[in-house]
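Report on the following structure.
What follows draws every value from the coordinates through simple rules; no lab data is involved. Remember, predicted model here, so these are calculated numbers, not experimental data. Glycine gets a Cβ as well: all are built from the backbone with ideal geometry, and neighbour counts include every protein chain shown.
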Amino acid sequence: DIQMTQSPSSVSASVGDRVTITCRASQGISSWLAWYQQKPGKAPKFLIYGASSLESGVPARFSGSGSGTDFTLTISSLQPDDFATYYCQQANSFPPTFGQGTKVEIK
Amino acid sequence: EVQLVESGGGLVQPGGSLRLSCAASGFTFSNYWMHWVRQVPGKGLVWVSRINSDGSNTRYADSYADSVKGRFTISRDNAKNTVYLQMNNLRAEDTALYYCLREGRGTRNWYFDLWGRGTLVTVSS
């Protein structure tokens, strides 16, 4: 199975900050990567697919980049609604696997 | 409203069984492949199983640490807009929050564009 490693595991930031989360795959996955947002007690939300394509309805302050083994999720200006845990997922090969999550906390 | 609602979780003894259900609404359920993913509280997400749109093809996690093959069975009833996960011979390590997921179509193929809120399974004596 492909291992997905996220860093950092948590980040403290303020409203308005630029936040970048990294996801690394144990082998090349081309651009077969998604990002999800999870808030406590709620269903995870699909944010980005194909490494950089924004899902409909997701604010433009979210962006994704990368290919091969290294990927990033960037929140350009952190908003109060963005404090959550973020997961990456590879879709290049079976079974789909997820990173361990990055918690974005209020500073 | 487009949503998935899981049910059927609970406390069960080791070696016992549970059947999880996931009721879909707001979309044409029979057009979509469906998956189950689990999450140990405070830990990451682990894929468990998937079923294709007409129920003719299924797959299960079978790596050593996450193996459910031979113990879990995924199925669906398109007339009832429901997907199931029958879990037998449960172990303590199966304790987790189980999520039902919809796989996207077209360019969203192999990604999970809709999630339920999960149902908690606790395996303990």
TODO: Arrange the following residues from fewest to most other Cβ atoms within 10 Å of their Cβ: A:Glu55, B:Glu93.
DONE: B:Glu93, A:Glu55
TODO: Enumerate the lysines that B:Lys43 could reach by cross-link, defined here as Cα to Cα under 30 Å, with residues fewer than 8 away along the same chain left out.
DONE: A:Lys39, A:Lys42, A:Lys45, A:Lys103, A:Lys107, B:Lys69
Open item on the list: I need A:Val19, B:Val37, B:Val83 ordered by Cβ neighbour count within 10 Å, fewest first.
Closed with: A:Val19, B:Val37, B:Val83
- [ ] Rank the residues A:Asp1, B:Asp113, B:Asp77, A:Asp81 as a footprinting-exposure proxy: fewest other Cβ atoms within 10 Å of their Cβ go first.
- [x] A:Asp81, B:Asp77, A:Asp1, B:Asp113
Task: Debye log10 I(q)/I(0) for chain A, one point scatterer per Cα, at q = 0.16 Å⁻¹ - done: -0.63
Open item on the list: Please compute one quarter of the surface area of the Cα convex hull for segment B:18-125 and express it in square nanometres.
Closed with: 7.1
- [ ] Rounding to the nearest 20 debye, state how big the charge dipole of segment B:1-106 is about its Cα centre with +1 on each Lys and Arg Cβ and -1 on each Asp and Glu Cβ.
- [x] 100
TODO: Name the long-range amide H neighbours of B:Thr95: under 5 Å, sequence gap of 5 or more, or other chain; modelled H, no Pro or chain starts.
DONE: B:Val123
